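Shown next, in C-alpha coordinates, is the structure this report addresses.
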Amino acid sequence: MIDINEIRNNPERIKKALAKRLVEVDFTEFLEWDQKRRTLIAESEALKARKNKVSSEIPFLKKEGKDVTALLSEMKEISEKVKNLEDELKAVEDEIFRFVAGLPNLPADDVVAGGKENNQVVKVYGEKPQFSFTPKNHVDLVTSLGLIDYERGVKLGGNGFWLYTGDGALLEWALLNYFIQEHVKDGYQFILPPHILNYQCGFTAGQFPKFAEDVFRLETSEVNERMQFILPTAETALVNLHRDEILKAEDLPKKYFAYTPCYRKEAGSYRAEERGMIRGHQFNKVEMFQYTLPEESEKALEELVEKAERLVAGLGLHYRVSKLAAQDCSASMGKTYDIEVWIPSMNDYKEVSSCSNAYDYQARRGNIRFKRKDSKKTEFVHTLNASGLATSRLLPAIVEQFQQEDGSVIVPEVLRQWVGKEVLVPVKK
(Lines give C-alpha, C1' and ligand atoms only; values in the text may rest on other atoms or scores of the structure.)
Protein backbone atom coordinates (compact mmCIF):
# COMPACT_ATOMS: atom_id res chain seq x y z
CA MET A 1 0.00 0.00 0.00
CA ILE A 2 1.29 3.46 -0.83
CA ASP A 3 2.05 5.70 2.16
CA ILE A 4 -1.00 7.95 2.67
CA ASN A 5 1.28 10.77 3.80
CA GLU A 6 3.07 10.61 0.44
CA ILE A 7 -0.24 10.97 -1.39
CA ARG A 8 -1.36 13.80 0.89
CA ASN A 9 1.87 15.77 0.65
CA ASN A 10 2.78 15.20 -2.99
CA PRO A 11 -0.14 13.85 -5.04
CA GLU A 12 1.35 15.04 -8.33
CA ARG A 13 4.53 13.01 -7.78
CA ILE A 14 2.48 9.89 -7.02
CA LYS A 15 0.25 10.54 -10.03
CA LYS A 16 3.30 10.87 -12.29
CA ALA A 17 4.86 7.67 -10.93
CA LEU A 18 1.66 5.65 -11.46
CA ALA A 19 1.42 7.04 -14.99
CA LYS A 20 4.52 4.95 -15.78
CA ARG A 21 2.20 1.96 -15.31
CA LEU A 22 -0.26 3.63 -17.72
CA VAL A 23 -2.59 4.09 -14.75
CA GLU A 24 -4.44 7.40 -14.53
CA VAL A 25 -5.39 8.43 -11.01
CA ASP A 26 -7.45 11.41 -9.88
CA PHE A 27 -6.72 12.32 -6.25
CA THR A 28 -9.42 15.01 -6.02
CA GLU A 29 -11.90 12.89 -4.04
CA PHE A 30 -9.15 11.39 -1.90
CA LEU A 31 -7.91 14.84 -0.88
CA GLU A 32 -11.49 15.91 -0.11
CA TRP A 33 -12.01 12.80 2.06
CA ASP A 34 -8.68 13.42 3.75
CA GLN A 35 -9.61 17.03 4.58
CA LYS A 36 -13.01 15.92 5.83
CA ARG A 37 -11.37 13.26 7.98
CA ARG A 38 -9.13 15.82 9.65
CA THR A 39 -12.09 18.18 10.21
CA LEU A 40 -14.15 15.39 11.79
CA ILE A 41 -11.26 14.40 14.05
CA ALA A 42 -10.78 18.01 15.18
CA GLU A 43 -14.52 18.44 15.92
CA SER A 44 -14.66 15.15 17.78
CA GLU A 45 -11.57 15.92 19.86
CA ALA A 46 -12.90 19.37 20.76
CA LEU A 47 -16.20 17.88 21.96
CA LYS A 48 -14.39 15.18 23.94
CA ALA A 49 -12.21 17.82 25.58
CA ARG A 50 -15.30 19.82 26.52
CA LYS A 51 -16.95 16.70 27.91
CA ASN A 52 -13.89 15.75 29.97
CA LYS A 53 -13.60 19.25 31.40
CA VAL A 54 -17.26 19.53 32.38
CA SER A 55 -17.40 15.94 33.67
CA SER A 56 -14.57 16.71 36.07
CA GLU A 57 -16.38 19.85 37.30
CA ILE A 58 -19.79 18.27 37.93
CA PRO A 59 -18.86 16.48 41.23
CA PHE A 60 -17.56 19.75 42.72
CA LEU A 61 -20.68 21.65 41.61
CA LYS A 62 -22.87 18.99 43.19
CA LYS A 63 -20.92 19.32 46.45
CA GLU A 64 -21.62 23.03 46.39
CA GLY A 65 -25.31 22.26 45.96
CA LYS A 66 -25.54 23.76 42.49
CA ASP A 67 -27.96 22.54 39.84
CA VAL A 68 -26.12 20.46 37.21
CA THR A 69 -29.18 19.42 35.18
CA ALA A 70 -28.22 21.60 32.22
CA LEU A 71 -24.66 20.32 32.27
CA LEU A 72 -25.82 16.68 32.36
CA SER A 73 -28.09 17.39 29.42
CA GLU A 74 -25.16 18.98 27.57
CA MET A 75 -23.00 15.91 28.30
CA LYS A 76 -25.65 13.63 26.81
CA GLU A 77 -25.92 15.83 23.74
CA ILE A 78 -22.13 15.86 23.33
CA SER A 79 -22.01 12.06 23.59
CA GLU A 80 -24.56 11.75 20.80
CA LYS A 81 -22.66 14.23 18.63
CA VAL A 82 -19.38 12.40 19.22
CA LYS A 83 -20.98 9.09 18.25
CA ASN A 84 -22.38 10.59 15.04
CA LEU A 85 -19.02 12.14 14.23
CA GLU A 86 -17.23 8.84 14.84
CA ASP A 87 -19.71 7.00 12.59
CA GLU A 88 -19.14 9.61 9.89
CA LEU A 89 -15.38 9.41 10.44
CA LYS A 90 -15.40 5.62 10.03
CA ALA A 91 -17.32 5.93 6.76
CA VAL A 92 -14.79 8.47 5.44
CA GLU A 93 -11.82 6.37 6.58
CA ASP A 94 -13.35 3.31 4.88
CA GLU A 95 -13.54 5.30 1.63
CA ILE A 96 -9.91 6.39 2.00
CA PHE A 97 -8.80 2.83 2.78
CA ARG A 98 -10.64 1.33 -0.21
CA PHE A 99 -9.15 3.95 -2.51
CA VAL A 100 -5.56 3.51 -1.31
CA ALA A 101 -5.87 -0.31 -1.14
CA GLY A 102 -6.81 -0.33 -4.82
CA LEU A 103 -3.70 1.53 -5.96
CA PRO A 104 -0.75 -0.48 -7.35
CA ASN A 105 2.79 -0.07 -6.10
CA LEU A 106 4.93 2.80 -7.33
CA PRO A 107 7.52 1.73 -9.92
CA ALA A 108 11.13 2.22 -8.86
CA ASP A 109 12.81 5.29 -10.34
CA ASP A 110 14.98 3.18 -12.66
CA VAL A 111 12.02 1.21 -14.06
CA VAL A 112 11.00 2.46 -17.51
CA ALA A 113 7.44 3.45 -18.34
CA GLY A 114 5.06 1.50 -20.54
CA GLY A 115 4.14 -2.12 -21.23
CA LYS A 116 6.02 -5.29 -22.13
CA GLU A 117 7.13 -3.79 -25.43
CA ASN A 118 9.53 -1.69 -23.31
CA ASN A 119 10.99 -4.61 -21.35
CA GLN A 120 14.79 -4.56 -21.47
CA VAL A 121 16.91 -7.68 -22.04
CA VAL A 122 19.84 -7.25 -19.66
CA LYS A 123 21.57 -10.63 -20.03
CA VAL A 124 21.65 -13.66 -22.32
CA TYR A 125 23.11 -16.99 -21.17
CA GLY A 126 24.37 -19.61 -23.60
CA GLU A 127 23.44 -20.14 -27.23
CA LYS A 128 20.18 -21.19 -28.81
CA PRO A 129 20.36 -24.93 -29.55
CA GLN A 130 20.88 -25.81 -33.21
CA PHE A 131 19.48 -29.04 -34.66
CA SER A 132 20.64 -31.04 -37.70
CA PHE A 133 17.17 -32.61 -37.83
CA THR A 134 13.58 -31.38 -37.65
CA PRO A 135 13.00 -30.89 -33.90
CA LYS A 136 9.77 -31.88 -32.21
CA ASN A 137 7.65 -29.70 -29.91
CA HIS A 138 7.40 -30.50 -26.21
CA VAL A 139 3.84 -31.81 -26.42
CA ASP A 140 4.83 -34.52 -28.90
CA LEU A 141 8.06 -35.24 -27.02
CA VAL A 142 6.58 -35.69 -23.55
CA THR A 143 3.82 -37.85 -25.03
CA SER A 144 6.19 -40.13 -26.96
CA LEU A 145 8.50 -40.36 -23.93
CA GLY A 146 5.59 -41.23 -21.65
CA LEU A 147 6.28 -38.29 -19.34
CA ILE A 148 2.90 -36.55 -19.42
CA ASP A 149 -0.65 -37.87 -19.89
CA TYR A 150 -2.74 -34.98 -21.15
CA GLU A 151 -5.91 -36.96 -21.89
CA ARG A 152 -6.24 -38.38 -18.39
CA GLY A 153 -5.33 -35.00 -16.90
CA VAL A 154 -8.29 -33.46 -18.71
CA LYS A 155 -10.47 -36.40 -17.70
CA LEU A 156 -9.66 -35.83 -14.03
CA GLY A 157 -9.53 -32.02 -13.84
CA GLY A 158 -10.71 -30.55 -17.14
CA ASN A 159 -8.85 -28.35 -19.60
CA GLY A 160 -5.60 -26.91 -18.29
CA PHE A 161 -4.62 -29.99 -16.23
CA TRP A 162 -2.18 -32.85 -16.91
CA LEU A 163 -0.68 -35.91 -15.24
CA TYR A 164 3.01 -36.61 -14.69
CA THR A 165 3.65 -40.31 -15.26
CA GLY A 166 6.66 -42.58 -14.80
CA ASP A 167 9.88 -40.82 -15.77
CA GLY A 168 7.90 -37.59 -16.09
CA ALA A 169 6.98 -37.70 -12.41
CA LEU A 170 10.60 -38.54 -11.54
CA LEU A 171 11.88 -35.65 -13.68
CA GLU A 172 9.42 -33.22 -12.08
CA TRP A 173 10.35 -34.36 -8.58
CA ALA A 174 14.04 -34.20 -9.49
CA LEU A 175 13.66 -30.54 -10.41
CA LEU A 176 12.02 -29.81 -7.05
CA ASN A 177 14.71 -31.76 -5.17
CA TYR A 178 17.42 -29.85 -7.05
CA PHE A 179 15.91 -26.48 -6.12
CA ILE A 180 15.37 -27.44 -2.49
CA GLN A 181 18.92 -28.76 -2.14
CA GLU A 182 20.39 -25.51 -3.49
CA HIS A 183 18.25 -23.23 -1.28
CA VAL A 184 19.07 -25.19 1.87
CA LYS A 185 22.75 -24.98 0.92
CA ASP A 186 22.38 -21.18 0.66
CA GLY A 187 20.92 -20.89 4.17
CA TYR A 188 17.27 -20.32 3.33
CA GLN A 189 14.70 -21.82 5.75
CA PHE A 190 12.39 -24.44 4.23
CA ILE A 191 8.64 -23.83 4.77
CA LEU A 192 5.69 -26.05 3.82
CA PRO A 193 2.71 -23.69 4.24
CA PRO A 194 -1.03 -24.40 4.11
CA HIS A 195 -2.53 -24.33 0.62
CA ILE A 196 -5.80 -22.83 1.87
CA LEU A 197 -5.45 -19.22 2.99
CA ASN A 198 -7.70 -16.50 4.39
CA TYR A 199 -8.68 -13.16 2.87
CA GLN A 200 -6.04 -11.17 4.78
CA CYS A 201 -3.29 -13.25 3.16
CA GLY A 202 -4.48 -12.17 -0.27
CA PHE A 203 -4.81 -8.57 0.87
CA THR A 204 -1.31 -8.42 2.35
CA ALA A 205 0.18 -9.89 -0.82
CA GLY A 206 -1.61 -7.19 -2.83
CA GLN A 207 -3.79 -9.60 -4.80
CA PHE A 208 -6.99 -8.52 -3.06
CA PRO A 209 -9.34 -6.76 -3.41
CA LYS A 210 -8.65 -6.00 -7.09
CA PHE A 211 -7.71 -9.53 -8.20
CA ALA A 212 -9.92 -11.55 -5.85
CA GLU A 213 -11.75 -13.14 -8.78
CA ASP A 214 -8.52 -14.58 -10.20
CA VAL A 215 -8.17 -17.22 -7.46
CA PHE A 216 -10.03 -20.45 -6.74
CA ARG A 217 -12.33 -19.58 -3.86
CA LEU A 218 -13.76 -22.09 -1.38
CA GLU A 219 -17.45 -22.21 -0.62
CA THR A 220 -18.14 -21.76 3.09
CA SER A 221 -21.08 -22.92 5.16
CA GLU A 222 -21.41 -19.62 6.99
CA VAL A 223 -22.92 -16.75 5.00
CA ASN A 224 -20.80 -14.14 6.78
CA GLU A 225 -17.61 -16.19 6.99
CA ARG A 226 -14.58 -14.50 5.48
CA MET A 227 -13.55 -16.02 2.18
CA GLN A 228 -10.85 -18.65 1.88
CA PHE A 229 -8.96 -19.48 -1.29
CA ILE A 230 -6.35 -21.87 -2.67
CA LEU A 231 -2.99 -20.16 -2.98
CA PRO A 232 -1.92 -19.02 -6.46
CA THR A 233 1.74 -18.97 -5.33
CA ALA A 234 3.65 -19.69 -2.12
CA GLU A 235 4.53 -15.97 -2.01
CA THR A 236 0.98 -15.33 -0.79
CA ALA A 237 1.69 -17.49 2.26
CA LEU A 238 5.30 -16.46 2.90
CA VAL A 239 4.55 -12.72 2.90
CA ASN A 240 2.10 -13.34 5.74
CA LEU A 241 4.46 -15.26 8.04
CA HIS A 242 5.24 -12.09 10.02
CA ARG A 243 1.99 -10.21 9.47
CA ASP A 244 1.21 -7.86 12.39
CA GLU A 245 4.63 -8.52 13.94
CA ILE A 246 7.50 -6.24 14.94
CA LEU A 247 10.82 -7.84 14.07
CA LYS A 248 14.26 -7.00 15.41
CA ALA A 249 16.58 -5.27 12.94
CA GLU A 250 19.39 -7.60 13.94
CA ASP A 251 17.24 -10.61 12.90
CA LEU A 252 16.95 -9.31 9.32
CA PRO A 253 17.17 -10.43 6.62
CA LYS A 254 14.87 -13.40 7.02
CA LYS A 255 15.22 -15.79 4.11
CA TYR A 256 12.61 -18.44 3.36
CA PHE A 257 11.64 -20.78 0.57
CA ALA A 258 8.59 -22.98 0.12
CA TYR A 259 7.39 -25.70 -2.19
CA THR A 260 3.71 -25.71 -3.18
CA PRO A 261 1.58 -26.42 -6.18
CA CYS A 262 0.14 -23.15 -7.54
CA TYR A 263 -3.55 -22.98 -8.41
CA ARG A 264 -4.69 -20.33 -10.90
CA LYS A 265 -7.85 -19.63 -12.84
CA GLU A 266 -5.83 -18.09 -15.69
CA ALA A 267 -8.94 -16.34 -17.01
CA GLY A 268 -9.29 -15.96 -20.76
CA SER A 269 -8.71 -18.22 -23.72
CA TYR A 270 -5.50 -20.15 -24.21
CA ARG A 271 -3.45 -19.25 -27.25
CA ALA A 272 -2.57 -22.14 -29.55
CA GLU A 273 1.16 -21.74 -28.86
CA GLU A 274 0.55 -22.04 -25.10
CA ARG A 275 -0.81 -25.58 -25.29
CA GLY A 276 0.64 -28.39 -23.23
CA MET A 277 2.28 -27.28 -19.98
CA ILE A 278 3.06 -23.66 -20.86
CA ARG A 279 -0.08 -22.40 -19.15
CA GLY A 280 -2.26 -24.38 -16.76
CA HIS A 281 -4.50 -24.24 -13.71
CA GLN A 282 -2.07 -26.18 -11.47
CA PHE A 283 1.71 -26.32 -11.56
CA ASN A 284 4.57 -26.84 -9.11
CA LYS A 285 6.85 -24.09 -7.89
CA VAL A 286 9.54 -23.47 -5.32
CA GLU A 287 9.38 -19.85 -4.13
CA MET A 288 12.10 -17.78 -2.44
CA PHE A 289 11.20 -14.91 -0.12
CA GLN A 290 13.08 -12.31 1.91
CA TYR A 291 12.22 -9.77 4.61
CA THR A 292 14.95 -7.12 4.66
CA LEU A 293 15.98 -3.75 6.02
CA PRO A 294 14.98 -0.98 3.56
CA GLU A 295 18.59 -0.09 2.80
CA GLU A 296 19.39 -3.72 1.94
CA SER A 297 16.51 -4.64 -0.34
CA GLU A 298 18.18 -3.72 -3.64
CA LYS A 299 21.13 -5.95 -2.78
CA ALA A 300 18.68 -8.71 -1.82
CA LEU A 301 17.00 -8.42 -5.23
CA GLU A 302 20.36 -8.92 -6.92
CA GLU A 303 20.90 -12.02 -4.78
CA LEU A 304 17.53 -13.49 -5.75
CA VAL A 305 18.13 -12.88 -9.45
CA GLU A 306 21.57 -14.50 -9.19
CA LYS A 307 20.12 -17.52 -7.38
CA ALA A 308 17.32 -18.04 -9.91
CA GLU A 309 19.80 -17.68 -12.78
CA ARG A 310 22.16 -20.17 -11.18
CA LEU A 311 19.41 -22.79 -11.06
CA VAL A 312 18.55 -22.41 -14.76
CA ALA A 313 22.23 -22.32 -15.76
CA GLY A 314 22.83 -25.44 -13.66
CA LEU A 315 20.34 -27.26 -15.86
CA GLY A 316 22.36 -26.23 -18.91
CA LEU A 317 19.46 -24.31 -20.47
CA HIS A 318 19.71 -21.27 -22.73
CA TYR A 319 17.90 -18.31 -21.13
CA ARG A 320 17.81 -14.55 -20.86
CA VAL A 321 17.08 -12.01 -18.11
CA SER A 322 14.67 -9.13 -18.75
CA LYS A 323 14.02 -6.05 -16.64
CA LEU A 324 10.30 -5.40 -16.84
CA ALA A 325 8.72 -2.08 -17.77
CA ALA A 326 6.35 -0.55 -15.21
CA GLN A 327 3.05 -1.84 -16.64
CA ASP A 328 4.40 -5.40 -16.97
CA CYS A 329 5.34 -5.56 -13.27
CA SER A 330 2.63 -7.08 -11.09
CA ALA A 331 0.55 -4.58 -9.13
CA SER A 332 2.39 -5.21 -5.83
CA MET A 333 5.92 -4.91 -7.19
CA GLY A 334 8.09 -1.85 -7.68
CA LYS A 335 10.79 -3.61 -9.72
CA THR A 336 10.93 -7.01 -11.43
CA TYR A 337 13.45 -9.08 -13.37
CA ASP A 338 12.21 -12.12 -15.31
CA ILE A 339 14.38 -15.14 -16.07
CA GLU A 340 13.04 -16.43 -19.38
CA VAL A 341 13.91 -19.82 -20.84
CA TRP A 342 14.07 -20.54 -24.58
CA ILE A 343 11.34 -22.80 -26.04
CA PRO A 344 12.55 -23.73 -29.57
CA SER A 345 9.15 -24.81 -30.99
CA MET A 346 7.64 -21.48 -29.96
CA ASN A 347 10.65 -19.49 -31.17
CA ASP A 348 10.24 -17.50 -27.98
CA TYR A 349 11.34 -17.12 -24.37
CA LYS A 350 8.98 -17.98 -21.49
CA GLU A 351 9.30 -16.75 -17.90
CA VAL A 352 10.30 -19.37 -15.33
CA SER A 353 11.13 -16.93 -12.52
CA SER A 354 10.01 -13.44 -11.60
CA CYS A 355 12.33 -11.79 -9.09
CA SER A 356 10.68 -8.76 -7.52
CA ASN A 357 11.08 -6.07 -4.88
CA ALA A 358 7.82 -4.88 -3.33
CA TYR A 359 9.69 -2.37 -1.15
CA ASP A 360 7.35 -1.47 1.78
CA TYR A 361 4.10 -1.91 -0.22
CA GLN A 362 3.20 -5.37 1.14
CA ALA A 363 4.58 -4.60 4.59
CA ARG A 364 2.16 -1.66 4.95
CA ARG A 365 -0.76 -3.87 3.96
CA GLY A 366 0.29 -6.57 6.43
CA ASN A 367 1.58 -4.23 9.15
CA ILE A 368 5.00 -5.92 9.12
CA ARG A 369 7.50 -3.74 10.93
CA PHE A 370 10.92 -3.83 12.56
CA LYS A 371 12.72 -1.88 15.26
CA ARG A 372 16.38 -0.92 15.23
CA LYS A 373 18.47 -1.45 18.35
CA ASP A 374 18.22 1.42 20.86
CA SER A 375 15.33 2.97 18.90
CA LYS A 376 11.69 3.32 19.93
CA LYS A 377 10.59 3.97 16.36
CA THR A 378 9.20 1.17 14.20
CA GLU A 379 9.70 1.04 10.43
CA PHE A 380 8.22 -1.10 7.68
CA VAL A 381 10.34 -3.94 6.33
CA HIS A 382 10.91 -4.49 2.62
CA THR A 383 9.68 -7.75 1.07
CA LEU A 384 11.04 -9.55 -1.96
CA ASN A 385 10.16 -12.75 -3.77
CA ALA A 386 11.47 -14.89 -6.62
CA SER A 387 10.48 -18.18 -8.18
CA GLY A 388 13.20 -20.68 -7.57
CA LEU A 389 11.81 -22.14 -9.83
CA ALA A 390 8.47 -22.86 -11.52
CA THR A 391 8.63 -26.23 -13.29
CA SER A 392 5.83 -26.21 -15.87
CA ARG A 393 7.94 -24.38 -18.47
CA LEU A 394 11.26 -25.90 -17.45
CA LEU A 395 10.22 -29.41 -18.41
CA PRO A 396 9.16 -28.31 -21.93
CA ALA A 397 12.46 -26.39 -22.26
CA ILE A 398 14.49 -29.41 -21.13
CA VAL A 399 12.89 -31.87 -23.56
CA GLU A 400 13.03 -29.43 -26.47
CA GLN A 401 16.56 -28.10 -25.91
CA PHE A 402 18.06 -31.54 -25.12
CA GLN A 403 16.17 -33.67 -27.67
CA GLN A 404 18.07 -36.04 -29.96
CA GLU A 405 17.37 -37.11 -33.53
CA ASP A 406 16.06 -40.53 -32.40
CA GLY A 407 13.42 -38.86 -30.20
CA SER A 408 15.31 -39.41 -26.95
CA VAL A 409 16.13 -36.61 -24.48
CA ILE A 410 19.32 -36.15 -22.46
CA VAL A 411 18.65 -35.65 -18.73
CA PRO A 412 20.48 -32.65 -17.25
CA GLU A 413 23.39 -33.92 -15.18
CA VAL A 414 22.25 -32.25 -11.93
CA LEU A 415 18.97 -34.23 -12.08
CA ARG A 416 20.32 -37.70 -12.83
CA GLN A 417 20.76 -38.72 -9.19
CA TRP A 418 16.98 -38.51 -8.75
CA VAL A 419 15.79 -39.59 -12.22
CA GLY A 420 18.16 -42.57 -12.25
CA LYS A 421 18.83 -42.22 -15.99
CA GLU A 422 21.07 -40.23 -18.30
CA VAL A 423 18.72 -40.47 -21.26
CA LEU A 424 14.94 -40.68 -21.61
CA VAL A 425 13.82 -42.84 -24.53
CA PRO A 426 10.45 -43.14 -26.28
CA VAL A 427 8.15 -45.73 -24.73
CA LYS A 428 7.10 -48.73 -26.75
CA LYS A 429 3.40 -48.83 -27.55
Here the gain from full extension of GLU266 to GLU43, 0.36 nm per residue of separation minus their alpha-carbon distance, amounts to 75.4 nm
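Under the classification rounded if a/c is under 1.5, otherwise prolate if a/b is larger than b/c and oblate if not, where does segment 226-315 fall, given a ≥ b ≥ c as square roots of the Cα gyration tensor eigenvalues? Before the final figure, lay out the partial values.
On the way: a/c = 2.85, a/b = 1.48, b/c = 1.92.
Taking the square roots of the gyration eigenvalues as a ≥ b ≥ c, segment 226-315 is oblate.
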Got a number for the accessible area of LEU293? Probe 1.4 Å, square angstrom, nearest 10. 20 Å²
Estimated [θ] at 222 nm from DSSP helical runs (n ≥ 4, -39500 (n - 2.57)) normalised by residues in the chain, nearest 500: -12000 deg cm²/dmol
Which lysines, on any chain, are close to LYS81 with Cα under 19 Å apart, when same-chain ones fewer than 8 places away are left out? LYS36, LYS48, LYS51, LYS53, LYS90
What is the percent carbon and sulfur in the accessible area of the chain, measuring with a 1.4 Å probe over the protein chains and ignoring ligands? 49 percent
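When the solvent-accessible surface of protein heavy atoms is calculated with a 1.4 angstrom probe, in what order do PHE283, PHE229, PHE380 fall, highest first?
I get PHE380, PHE283, PHE229, largest accessible area first.
Rank these residues by their accessible area, most exposed first, probe 1.4 Å: MET288, MET227.
On the way: MET288 0, MET227 25 Å².
Largest accessible area first, the list is MET227, MET288.
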Taking a ≥ b ≥ c as the square roots of the eigenvalues of the Cα gyration tensor, with a/c under 1.5 meaning rounded and otherwise prolate when a/b exceeds b/c and oblate if not, segment 86-162 is oblate
Mind checking segment 95-149 for GluC sites (Glu not before Pro) that DSSP puts in a loop (not H, G, I, E or B) and that have at most 16 other Cβ atoms within 10 Å? GLU127
How would segment 26-102 be classified by its alpha-carbon gyration tensor: rounded, prolate or oblate, with rounded meaning a/c under 1.5 and the a/b versus b/c comparison settling the rest? prolate
Rounded to the nearest 10 Å², the accessible area of ASP348 at probe 1.4 Å: 60 Å²
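Are there GluC sites (Glu not before Pro) in segment 337-429 that DSSP marks as loop and that have at most 15 other Cβ atoms within 10 Å, and which are they? Write down the numbers at each step before the final one.
Numbers: sites: GLU340, GLU351, GLU379, GLU400, GLU405, GLU413, GLU422; in loops: GLU405, GLU422.
For GluC sites (Glu not before Pro) across segment 337-429 that sit outside H, G, I, E and B with at most 15 neighbouring Cβ atoms in 10 Å, the list reads GLU405, GLU422.
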Starting from the amide H of ASN284, placed 1.01 Å from N in the peptide plane, find each other amide H under 5 Å away whose residue is 5 or more places distant or on another chain. CYS262, THR391, SER392
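For LYS255, LYS429, give the ranking by accessible area with the largest first, probe 1.4 Å.
Working: LYS255 55, LYS429 215 Å².
Largest accessible area first, the list is LYS429, LYS255.
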ARG264 accessible area, assembled protein chains, probe 1.4 Å, Å²: 70 Å²
I'd like to compare 5-11, 237-243: which one has the highest average count of other Cβ atoms within 10 Å, and what's the full order after that? 237-243, 5-11
Which one is right for this structure if Rg and Dmax of the Cα atoms in Å is calculated from it: (1) 27.6, 109; (2) 22.0, 74; (3) 21.8, 67? (1)
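The values are calculated or read from the model by the stated rules, or taken from the named source; none is laboratory data. On a predicted model such as this, the values are computed, not experimentally measured, just so you know. Counting neighbours? That spans all protein chains shown, and the Cβs are built from the backbone with ideal geometry, glycine included. All accessible areas refer to the heavy atoms of the entire protein, side chains included, with ligands and DNA or RNA removed. Shrake-Rupley method; radii C 1.70, N 1.55, O 1.52, S 1.80 Å.
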